[in-house]
Amino acid sequence: MNSIKINLVAVLILCGLIHAQDFTGNYQVNYIDVNYIVVLRDTVQQDANGDDFTLETDGQALYDIYAGWPMAGEDSWVDFALKSFEPGDTVGALANYFPTPEWLAAAGIALNVDLNTDGNFTINEPSTYPTTTLVNCVTIPSIPGVSENGTWTDGNFDGITNDTDHSYTIGWGIVESGVFAHFIAPDLVNWTYGTDYGFGTDNESWGRLISYYDDTWTNPLGVDIYWQAIDGPESGLGVVDPTDTLYTEETEGYLNNIYGIGTVPGDSITILLMAAYGAGLDPPVAINIPDNPYMFGGPGGAGTGTTDLRWGYVFDPTGDLLGGGDGVPFSGDEGLQFTGYYLTYNFLNTAYAIADGVEDAIYYYELTTLAEIVEVCATYVFTAWNIPEAIQNAVLATAVAGIVAELQPYVDAYMAAGMSELDAILATLAIAAPVVMGALTQAELTLGITVDDSGHDLDVATFYEFDCDGDGDIDEDDCMTSDTGGRMYFEINNTCLPTKWTQIIDSHWNNTEFTSVDHDAPIAESFELLGNYPNPFNPSTKIRFATEKHSNVKVNIYSVIGKKVSTVVSSELAAGTYNVTWNGTDRSGARAPSGMYFYEVSSDNRTLVGKMLLLK
């Protein structure tokens, strides 16, 4: 019943189509700019009654990007939450820009469409269309073959005529399509963007079409088509539909889009730059440099930028990841300063020991004061570091007193903000690892340890795990130890994030009756005329030219006395080699008399002129 309603609405809309100009014709895409903005969505959605609902596939949704050592996935021995997200965060921006016919051909994109002013369109074989697909929880570009018959609408609104460039602009919407998104056609004459349509309005998914004509306003030379479509039932994107395995009447229309991440931004220059900067300080700060100095989250150096990293180090010279986060390198607030500013085995070993100590102190020993809990944590840390019991007994009281003195101001601040004392203690101990690492560093000689293990990578051969909880399996609740410690070279886990996508498309299409691209020609390197054929001609000829850049192109025909006879092209064209047809008619549509004519081709502010002979 629902599909019948949709089809009926489509029929009613299409019956009201109005046009000041006809742009019926066959069109080939000339350039296309495809952009996706990916925003994290909440997995809790509301049903028709306003009650909370969560799809089965969203029940295990992740909001964190994890890195694994010595590798990612199920074989990981150590997992570290490298980045955490919340609903509303932008987690991806994919840009696929194909500015020339050559780029389109190289990418395997070929869209050929019959547009009819009566509201129908046909995507002809062997067309292909750029989109994305999810493979092993990683989103990658995809260019599948497409063909179909669809319907579009102008919303029954008037368009905008531009006599300067002979164009007509309408709001343009797609009503039925299994390839393109669905979106509305706004009233471009009376509606205001941002109020009546566009982001933040009730009509976020919308489109626009601009058709370009010759001087007679009878021959459509090309069209520009733009749209933006946002996941939801209105656009038909990113929602459960009858093609999904989870489809039921209850789940239809719920958001289900997923964005897969298998890399994070980073670089190979920041560690080197920080090492050089640290060496010049007084006193100098020494940074150990790995053979492959790839840093997750590195900003890059001048002219280098960032790249997508699958493998890398957690290197934090400013404390933005673990510490105060003042953005100033080596200012003393960096949580990883005691392990050479790298996330190493020694740091994680200590952090895990603190976490285990807090859990047992609260839930097993039922302790409630900061000093009591810190004492348990200190004992767990000493054990993790294999400190002999006699030394533990000798330094425990002093160590606990020092750590408590440093952590108490944090507890007081949390309580002043409204937390209970126990919650304030738990929040403080969650960030206590740097304080404990500092205390261990000060007592290195007494304890017989070396805290900074950043001079080498952690070796799998010297890393061990033990079944500490006695469940018969080695898992995240068990112990780990290393004879040598070291930096940890992590691999990013493939992560599926629940998302809501915005699709923004900008494209230009040539009417193949008047303008065609020569795909067999070499890549255009300059602006040049390549003659016309046939010459002499009757009744039509193809004017051939090349432009090496995206530009505003016009092709005008003049008589031998300089009178303008016709304009056969006036639109933006991508770089490429083109054949433009002049059918031997003047600006009124009448047959031009026989004789010599000049054709003028302009690309932005450049102009070239050729001559041709029309015979009767």
Seminar exercise, completed: For the range 570-582, in residue order, the Karplus 3J(HN,Hα) values (coefficients 6.51, -1.76, 1.60; θ = phi - 60°; whole Hz; Gly and Pro = x) are 7, 6, 6, 10, 6, 4, x, 10, 10, 10, 10, 8, 10
Seminar exercise, completed: Here P(r) for the range 262-337, Cα-Cα distances in 10 Å bins, as whole percents, is 21, 51, 26, 2, 0
Seminar exercise, completed: The ³J(HN,Hα) series, computed from each phi in the range 316-321 with the Karplus coefficients 6.51, -1.76 and 1.60 at θ = phi - 60°, rounded to the nearest Hz and given as x for glycine or proline, is 9, x, 10, x, 5, 8
For this session: Would you work out which of Tyr558, Thr577, Thr541 lies farthest towards the positive end of the dipole of the range 515-614? Charges go on Cβ: Lys and Arg +1, Asp and Glu -1.
Result: Tyr558
Problem set entry | Under Karplus coefficients 6.51, -1.76 and 1.60, residue-wise ³J(HN,Hα) of the range 481-494 in Hz, glycine/proline x | 8, 8, 6, 10, x, x, 5, 10, 9, 8, 10, 6, 6, 5
Exercise. For Val400, what is the net charge nearby, where nearby means another residue's Cβ is under 13 Å from its Cβ and Lys, Arg count +1, Asp, Glu -1?
Worked result: -3
Exercise. Computed on alpha carbon atoms, what radius of gyration and Dmax characterise the range 515-614, expressed in Å?
Worked result: 12.9, 37
For this session: Let me know the shape class of the range 234-387, please: from the alpha-carbon gyration tensor, a ≥ b ≥ c as square roots of the eigenvalues, rounded when a/c is under 1.5, otherwise prolate if a/b is greater than b/c, or oblate.
Result: oblate
For this session: In Å³ and rounded to a whole number, note down the convex hull volume per residue for the Cα atoms of the range 226-271.
Result: 143 Å³
Exercise. For the chain, rounded, prolate or oblate, judged on the Cα gyration tensor with a ≥ b ≥ c (square roots of eigenvalues), a/c < 1.5 rounded, else prolate if a/b > b/c?
Worked result: prolate
Seminar exercise, completed: Membrane-span-like helices (DSSP H runs, Cα span along own axis at least 30 Å, mean Kyte-Doolittle at least -0.5) in the chain -> 389-416
For this session: Calculate the dipole size of the chain relative to its Cα centre from +1 charges on Lys and Arg beta carbons and -1 charges on Asp and Glu beta carbons; express the result in debye to the nearest 20.
Result: 4680 debye
Seminar exercise, completed: The number of Lys pairs in the chain whose alpha carbons lie under 23 Å apart, excluding pairs fewer than 8 residues apart on one chain, is 13
Problem set entry | Cα gyration tensor shape of the range 24-66, rounded if a/c is under 1.5, else prolate or oblate by comparing a/b with b/c | oblate
Seminar exercise, completed: Rounded to the nearest Å, the spacing of the alpha-carbon centers of the range 488-549 and the range 56-131 is 22 Å
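Read-outs throughout are calculated quantities, based only on the coordinates presented, and are distinct from any laboratory measurement. In this text the structure is predicted, and so the values were computed from the model without any measurement. Backbone-built Cβ (ideal geometry, glycine too); neighbour counts: all protein chains shown.
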